[in-house]
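S.K.: Following this message is one structure expressed as structure tokens.
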Amino acid sequence: MKKLFFKILFISFLQSFFVSEAQISQLFRNKDRQERSEGVDNNTYSWGFFLNMNNFDYKIVLNPKYGIYNKQNLVLSKPTYSFGAGFIGKMRLNDNFDLRVEPGLQFVEREFTFKTQGNDQYATDAVNPFTPLVLSKTDTIRRVKATYVDIPVLLEFHGDRWYNSRPYAAAGINYMVNLQSNAKASDDNQQGIFRSTTHNFAWSAEIGIQFYFSKVKFTPAFRGTFMFNNELVADNQGTPPYWAAAMSTMQTRALMFVLKFEQ
């Protein structure tokens, strides 16, 4: 499914790129230059949809006792590329500002590597003693999947329209629900279950250029999303400090390339 989505997204991008190239060349011709979709931005409400490629990562602050040894990080996070899609709802505020709500689904996968076998040295700790385990490769690698219901509310500021294009910048806040958080699972990393918070809040910033066609407004854009809250859910009491205990905070940060289609 992921490969099929990327093929569709890539083809859509190529088609849009070549059409945009033709439009841009028209912008620089003085003869027969036309304004397209005149008046569309004066509508109080409008709608559309978007497709995006994403790159989700974690910003991690490690526990200085269990997560760092000899100035080396014992927990590493590896991001992967994935995709998302959703809908667009716009309310016009005035000539330069719009309010946007863009609910969507973001499909995410990240990988942790835990180089924490050396924490066996703390097994006899007077405060938190534990029984050491011999970590297998499966124990040291966690592939964490997430499906975020992402609901950003963005305030958009756009410049004046220049023929069939218009630049803009937007910023706002997100409510993000992780449908695969495992937050309420009774098992934890000792049983191979990595847990994170379900309900999260973030802020986003975005820049892009809107291109006007006869029947649609096409927008390529770049967006960054950064979580406010700590998503880490601690392991159960008695679980050795090889996993969640090695981290103090864990916050999502994401970069997205978005293609928007609006009427």
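S.K.: Can you report the number of residues in segment 230-253 which are assigned to a loop (DSSP other than H, G, I, E, B), touching a helix residue (DSSP H, G or I) at 6+ places or on another chain (Cβ under 9 Å) and either of a type in the set (Gly, Ala, Ser) or farther than 18 Å from residue 140 by Cβ (or both)? Full working, then the answer.
M.R.: Within segment 230-253, the subset assigned to a loop (DSSP other than H, G, I, E, B) is 230-231, 233-243.
Among the residues that remain, those that are also touching a helix residue (DSSP H, G or I) at 6+ places or on another chain (Cβ under 9 Å) are: 233-236, 238-243.
Next, only the ones that are either of a type in the set (Gly, Ala, Ser) or farther than 18 Å from residue 140 by Cβ (or both) stay: 233-234, 236, 238.
Qualifying residue count, segment 230-253: 4.
S.K.: I would also like to ask the following. Out of curiosity, is residue 112 in a strand (DSSP E or B), crowded, with 18+ Cβ neighbours inside 10 Å, more than 13 Å from the chain's Cα centre (by Cα) and not β-branched (Val, Ile, Thr)?
M.R.: Numbers: in a strand (DSSP E or B): yes; crowded, with 18+ Cβ neighbours inside 10 Å: yes; more than 13 Å from the chain's Cα centre (by Cα): yes; not β-branched (Val, Ile, Thr): yes.
Yes.
Okay, residues lined up against (1) surrounded by 15 or more Cβ atoms within 10 Å (Cβ to Cβ); (2) touching a Phe, Trp or Tyr at 6+ places or on another chain (Cβ under 8 Å):
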residue	(1), (2)
198	yes, no
205	no, no
208	yes, yes
214	no, no
219	yes, yes
228	no, yes
232	yes, no
237	no, no
240	yes, yes
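S.K.: Report the residue count in segment 167-196 for those that are buried (at least 17 other Cβ atoms within 10 Å of the Cβ), of a type in the set (Ser, Thr, Tyr) and farther than 25 Å from residue 254 by Cα.
M.R.: Matching residues across segment 167-196 total 0.
S.K.: Identify, from the list 176, 256, the residue that is aliphatic (A, V, I, L, M) and either touching a Lys or Arg at 6+ places or on another chain (Cβ under 8 Å) or not in a strand (DSSP E or B) (or both). Walk me through how you get there before you give the answer.
M.R.: Values: 176 fails: either touching a Lys or Arg at 6+ places or on another chain (Cβ under 8 Å) or not in a strand (DSSP E or B) (or both).
Going through 176, 256 in turn, the sole match is 256.
S.K.: Here's another thing I want to ask about it. Which one of these does residue 164 not meet: (1) more than 30 Å from residue 242 (Cα to Cα); (2) surrounded by fewer than 16 Cβ atoms within 10 Å (Cβ to Cβ); (3) at pLDDT below 95?
M.R.: Tallying (1) more than 30 Å from residue 242 (Cα to Cα); (2) surrounded by fewer than 16 Cβ atoms within 10 Å (Cβ to Cβ); (3) at pLDDT below 95, residue 164 fails exactly one: (2).
S.K.: Still on this structure, I have one more. If you check 149, 144, 101, 153, which single one turns out to be under 17 Å from the mean Cα position of the chain (by Cα), surrounded by 14 or more Cβ atoms within 10 Å (Cβ to Cβ) and within 19 Å of residue 62 (Cα to Cα)?
M.R.: Working: 149 fails: within 19 Å of residue 62 (Cα to Cα); 101 fails: within 19 Å of residue 62 (Cα to Cα); 153 fails: within 19 Å of residue 62 (Cα to Cα).
Result: 144 is the single residue among 149, 144, 101, 153 that is under 17 Å from the mean Cα position of the chain (by Cα), surrounded by 14 or more Cβ atoms within 10 Å (Cβ to Cβ) and within 19 Å of residue 62 (Cα to Cα).
S.K.: Right, here's the next one. Going through segment 205-232 one residue at a time, which ones are among the β-branched types (Val, Ile, Thr) and over 24 Å from residue 82 (Cα atoms)?
M.R.: Going residue by residue through segment 205-232, those that are among the β-branched types (Val, Ile, Thr) are 207, 209, 216, 219, 225.
Across segment 205-232, the qualifying residue is only 216.
S.K.: Any chance segment 31-41 includes a residue that's more than 20 Å from the chain's Cα centre (by Cα), in a loop (DSSP other than H, G, I, E, B), buried (at least 17 other Cβ atoms within 10 Å of the Cβ) and modelled with pLDDT of 95 or more?
M.R.: No.
S.K.: Suppose the filter is among the small types (Gly, Ala, Ser), at pLDDT 95 or above and more than 19 Å from residue 245 (Cβ to Cβ); does residue 84 pass it?
M.R.: On the way: among the small types (Gly, Ala, Ser): yes; at pLDDT 95 or above: yes; more than 19 Å from residue 245 (Cβ to Cβ): yes.
Yes: the conditions hold for residue 84.
The values are calculated or read from the model by the stated rules, or taken from the named source; none is laboratory data. Computed from a predicted model, the values in this text were never measured in an experiment. Positions of Cβ are backbone-derived with ideal geometry, glycine not excepted, and every protein chain shown enters the neighbour counts.
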